[in-house]
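Worksheet for the structure shown next.
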Amino acid sequence: MIDQEGALPPCNFVIFGATGNLATIKLFPALYRLELAGRLPEVLNFVAFGRRAFDDAGWRDYVRDLLVERCQAAGEPLERFVARFDYVRGDQADPAAYEALKATLAKPKLGVCSHVVFYLAIKPGDFPAVVKNLDKAGLNRPRGLHRIVVEKPFGTDIESAQVLNELLHRHFDESQIFRIDHYMGKETVQNLLVFRFANTLIEPLWNRNYIDHVQITVAEAVGIEKRADYYDKAGALRDMLQNHLMQLLTLVAMEPPAALEADAMRDEKVKVLRCIRPIPKRSVHAHAFRAQYKAGSVAGAQVQGYQDEPGVEPDSVTETYVAAKFYIDNWRWRGVPFYLRTGKRLKEPMSMIALRLRHPPQQLFRETPLEALEPNWIVLSIQPNESMHMELHAKQPGLGMNTHVIRLNASYRGEDEHPLDAYEALLLDVIEGDHTLFIRFDEVEWAWRVVDPILKYWVQERDFIHTYPAGGWGPLEANRLFDAEETEWRNRV
């Protein structure tokens with residue numbers, strides 16, 4: 001198998017933070033499913049780097065038990081996958097641990113080629129220590145050969161993102177860096193490109209002449225789940241909107257790329273971000289709203305408020321809900337508001353892109369029961385169900401002029417077809433060296449530029465934050481962002 005740059009795929013895949021939640025919940029199950037599908041190169045071996053006291057055999061037993069529990073794994077594929085693993089115990093800040101890692105990678109089993117993927121499944125604050133220690137041990141050399149995968153969030157503001165990027169470029173080339181956002185691996189997100197650019201029925205409608213506004217929602221029913229040390233410093237704007245929701249916005253709004261290649265795709269996404277109208281300091285309240293969940297009931301269970309979560313400061317004003325309005329000042333989207341929102345402890349988990357079409361210019365049904373027609377929608381559901389549909393009006397059978405909404409369903413998977421996990425697609429792209437679904441730094445930088453005025457304004461507002469009861473759809477005050485009084489948040493897929 002040859003990757004996108006003409007080089008052999010990696011033979012060694014090092015996972016830092018191998019005992020953490022990301023690795024155990026997402027990475028190992030996804031890599032195992034790639035094993036089942038026969039997509040992992042035969043020469044590929046894994047090295048788990050962690051603090052726990054495992055030897056190689058004990059670690060393989062741990063991975064085996066994990067996959068039996070999470071994936072009902074069994075048989076020869078499980079044993080073949082587990083046999084790919086070695087374990088290095090060490091602290092990320094300890095240079096000696098990297099010498100042990102270097103020795104492990106030199107074993108005959110692992111030394112059949114020199115290509116290595118370093119996956120940083122760790123807290124962003126630990127990135128610098130790992131990158132610097134890889135350099136000290138010579139594990140990043142020769143330049144241009146290895147790959148390093150960095151999880152979001154990439155920085156905490158534009159300045160920290162630039163510092164982190166400079167650090168990475170000091171030790172790795174841009175072609176080696178994979179900035180991962182798992183939302184880009186979701187099939188509905190990828191299929192959005194096909195839905196838009198492969199259908200002459202859709203693309204002519206996808207502009208300011210026919211679209212009234214766009215809503216992008218990522219709702220979570222869960223709370224912060226023992227992540228207070230990270231979340232109380234980040235908040236919903238940094239954790240979700242600056243990366244996940246901004247990526248979805250660029251895919252919705254981008255122009256057709258010249259080719260389905262990494263840089264062509266990313267060039268068009270950056271153009272969208274550069275066209276987003278800057279938010280003046282005096283207008284932040286008109287463009288962004290934040291709130292924090294208080295005690296309530298989610299799915300019939302009583303849950304505590306954010307400030308009562310373990311590890312959260314009692315007077316914290318960190319937002320767990322954020323809604324924002326952006327305008328894209330280009331030929332396609334001038335004057336069309338894009339409404340983005342995300343929050344924790346909402347009624348149910350849901351991720352959705354919804355485009356509301358404009359009403360017809362002539363009201364033919366003014367004197368009939370159809371005087372107040374519901375708008376047409378184009379809806380792309382990412383979670384809990386992956387689907388795409390259009391909502392149109394049709395006359396109900398009978399003598400009266402009554403209508404009902406029908407759905408033109410463009411779903412692409414049958415009920416018996418297993419959905420592809422986002423990490424499966426992205427991990428395979430890392431192995432094959434394909435950057436298409438990964439984020440270039442100028443995307444990161446421009447996304448921070450867009451939200452930076454909001455961040456700087458909120459830093460000064462430390463005395464008060466709106467609240468909303470857990471188990472609902474968030475604060476009603478967020479409706480103040482809408483340009484038209486009749487506009488409301490869409491809470492159904």
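The values are calculated or read from the model by the stated rules, or taken from the named source; none is laboratory data. Please read all numbers here as calculations on a predicted model, not as lab measurements. When we count neighbours, we look across all protein chains shown, and the Cβ atoms used for this are built from the backbone with ideal geometry, even at glycine. SASA here: full protein model, heavy atoms, side chains in, ligands and nucleic acids out. Shrake-Rupley method; radii C 1.70, N 1.55, O 1.52, S 1.80 Å.
For helix 95-105, what angle does its Cα long axis make with the longest principal axis of the chain, in degrees from 0 to 90 and rounded to 10?
Around 80 degrees separate the two axes.
Along the charge dipole of the chain, pointing to its positive end and built from +1/-1 on Cβ of Lys, Arg, Asp and Glu, which listed residue (Phe464, Ala103, Ala83) has its Cα farthest out?
It is Phe464, whose Cα lies furthest towards the positive end.
Under a plain spin-label model, where a point goes 7 Å from the Cα along Cα-to-Cβ, how far apart in nm are Glu174 and Asp126?
With each label placed 7 Å out from Cα toward Cβ, I get 2.9 nm.
Given the options Phe438, Pro204, Gly144, identify the residue whose Cα lies farthest towards the positive end of the charge dipole of the chain (+1 on Cβ of Lys, Arg; -1 on Cβ of Asp, Glu).
Pro204
Can you compute 3J(HN,Hα) from phi for each residue in the range 194-208, using the Karplus curve 6.51 cos²θ - 1.76 cosθ + 1.60 with θ = phi - 60°, rounded to whole Hz and x for Gly and Pro?
Calculated HN-Hα couplings, in order: 5, 4, 6, 8, 9, 10, 5, 5, 9, 4, x, 8, 8, 6, 5 Hz.
So what's the back-of-envelope 222 nm ellipticity for the chain, counting only DSSP H runs of four-plus at -39500 (n - 2.57) apiece and dividing by all residues, rounded to 500?
The helix-only estimate for the chain comes to -9000 deg cm²/dmol at 222 nm.
What order, most packed first, do the peptides 141-153, 197-209, 443-455, 473-485 have when packing is the mean number of other Cβ atoms within 10 Å of each residue? The partial results should precede the final answer.
Details: 141-153: 17.6, 197-209: 13.0, 443-455: 20.6, 473-485: 15.7.
Ranking the peptides 141-153, 197-209, 443-455, 473-485 by packing returns 443-455, 141-153, 473-485, 197-209.
Leaving ligands and nucleic acids out of the surface, order Ile431, Ile406 by accessible area at 1.4 Å, largest first.
Values: Ile431 0, Ile406 60 Å².
Ranking Ile431, Ile406 by accessible area, largest first, yields Ile406, Ile431.
At 7 Å along Cα-to-Cβ for each site, give me the label-to-label distance between Arg282 and Arg143 in nm.
4.8 nm
Can you give me the Cα centroid spacing of the range 181-225 and the range 116-170 in angstrom?
Taking the Cα centre of the range 116-170 as reference, the centre of the range 181-225 is 30 Å away.
Quick one, can you get me the convex hull of the C-alpha atoms of the range 26-77 expressed as volume per residue in Å³? Working shown, then result.
Values: hull volume 5.0 nm³, N = 52.
Per-residue hull volume (Cα only) is 96 Å³.
Among Tyr327, Leu251, Leu273, whose Cα lies farthest out toward the positive end of the dipole of the range 248-338, if unit charges sit on the beta carbon of Lys, Arg (+1) and Asp, Glu (-1)?
Checked the options; the winner is Tyr327.
The range 318-363: D in µm²/s via Stokes-Einstein (Kirkwood Rh, Cα pairs, 20 °C, 1.002 mPa s)?
On the way: Rh = 13.4 Å.
So the translational diffusion coefficient is about 159 µm²/s.
Out of the total accessible area of the range 227-383 (probe 1.4 Å, heavy atoms of protein only), what percent is carbon and sulfur?
Values: 3420 of 6770 Å².
Carbon and sulfur: 51 percent of the exposed surface of the range 227-383.
Tell me, what is the FRET efficiency for Gln162 and Tyr230 to the nearest 0.05, using R0 = 22 angstrom and their Cβ-Cβ distance as r?
Numbers: r = 21 Å, r/R0 = 0.95.
With R0 = 22 Å, the Cβ-Cβ based efficiency is 0.60.
If you take the Cα Rg of the range 8-56 and divide it by 2.2 N^0.38 Å, with N the number of residues, what do you get?
On the way: Rg = 11.6 Å, N = 49, 2.2 N^0.38 = 9.7 Å.
It is 1.20.
Calculate, for the range 283-362, the solvent-accessible area per residue in square angstrom, rolling a 1.4 angstrom probe over the heavy atoms of the protein chains.
Values: 3200 Å² over 80 residues.
On a per-residue basis, the range 283-362 sits at 40 Å².
Which of the residue pairs Lys152/Lys347; Lys132/Lys152; Lys186/Lys226; Lys102/Lys186; Lys132/Lys344 have a Cα-Cα distance greater than 29 Å in the structure shown?
Details: Lys152/Lys347 26 Å; Lys132/Lys152 19 Å; Lys186/Lys226 26 Å; Lys102/Lys186 34 Å; Lys132/Lys344 35 Å.
Those over the limit are Lys102/Lys186; Lys132/Lys344.
Among 338-347, 222-231, how do they line up by average Cβ neighbours within 10 Å per residue, starting with the highest?
Working: 338-347: 24.3, 222-231: 16.2.
Ranked by mean Cβ neighbours within 10 Å, highest first: 338-347, 222-231.
Residues of the range 316-347 with backbone nitrogen within less than 15 Å of a virtual label 7 Å along the Cα-to-Cβ line of Asn479, please, listed as ranges.
Residues passing the 15 Å test: none.
For the residue pair Arg208 and Asn21, what label-to-label distance in nm results when each label sits 7 Å from Cα along the Cα-to-beta-carbon direction?
Calculated label separation equals 4.2 nm.
Dipole magnitude of the chain about its Cα centre, charges +1 at Lys/Arg Cβ and -1 at Asp/Glu Cβ only, in debye to the nearest 20?
Working: 59 positive and 68 negative charges, 121 e Å.
The calculation lands at about 580 debye.
Principal axis extents for the chain, Cα atoms only, whole Å, descending order, please.
Taking max minus min along each principal axis of the Cα atoms, the chain gives 82, 50, 45 Å.
Kirkwood hydrodynamic radius, the range 91-226, all distinct C-alpha pairs: what's the number in Å? Present the calculation step by step, with values, prior to reporting the outcome.
Values: mean 1/r = 0.0542 Å⁻¹.
About 18.5 Å for the range 91-226.
Test of understanding: what is the full-extension gain from Arg196 to Asp263, defined as 0.36 nm times their sequence separation minus their Cα-Cα distance? Could you put the intermediate results ahead of the total?
Details: separation 67, 0.36 × 67 = 24.12 nm, distance 1.92 nm.
Contour length minus the Cα-Cα distance gives 22.2 nm.
Given a Förster distance of 60 Å, report the FRET efficiency between Thr436 and Gln396 from their Cβ-Cβ distance, rounded to the nearest 0.05.
Computed FRET efficiency for Thr436 and Gln396 comes out at 0.85.
Could you give each residue of the range 160-166 its phi-based ³J(HN,Hα) in whole Hz, using Karplus coefficients 6.51, -1.76, 1.60 with θ = phi - 60°, and x for Gly or Pro?
Coupling constants for the range 160-166: 5, 5, 5, 5, 5, 5, 4 Hz.
May I ask what percent, to the nearest 5, of DSSP beta bridges between residues of the chain are antiparallel?
Numbers: 41 of 75 bridges.
For the chain, the DSSP antiparallel bridge percentage is about 55.
Could you compute the FRET efficiency for Asn385 and Asp61, with r as their C-beta to C-beta distance and R0 at 41 Å, rounded to 0.05? Numbers along the way, then the final one.
Values: r = 36 Å, r/R0 = 0.89.
With R0 = 41 Å, the Cβ-Cβ based efficiency is 0.65.
How large is the charge dipole for the range 63-111, taken about the Cα centre, if only the Cβ atoms of Lys, Arg (+1) and Asp, Glu (-1) carry charge, to the nearest 20 debye? Each step should come with its number before you reach the end.
Details: 8 positive and 8 negative charges, 41 e Å.
Using Cβ point charges on Lys, Arg, Asp and Glu, the range 63-111 gives about 200 debye.
Tell me the Kirkwood radius of the range 156-230: reciprocal of the mean inverse pair distance over distinct alpha-carbon atoms, in Å. Show your work: numbers first, answer last.
Details: mean 1/r = 0.0587 Å⁻¹.
Final number for the Kirkwood radius of the range 156-230 is 17.0 Å.
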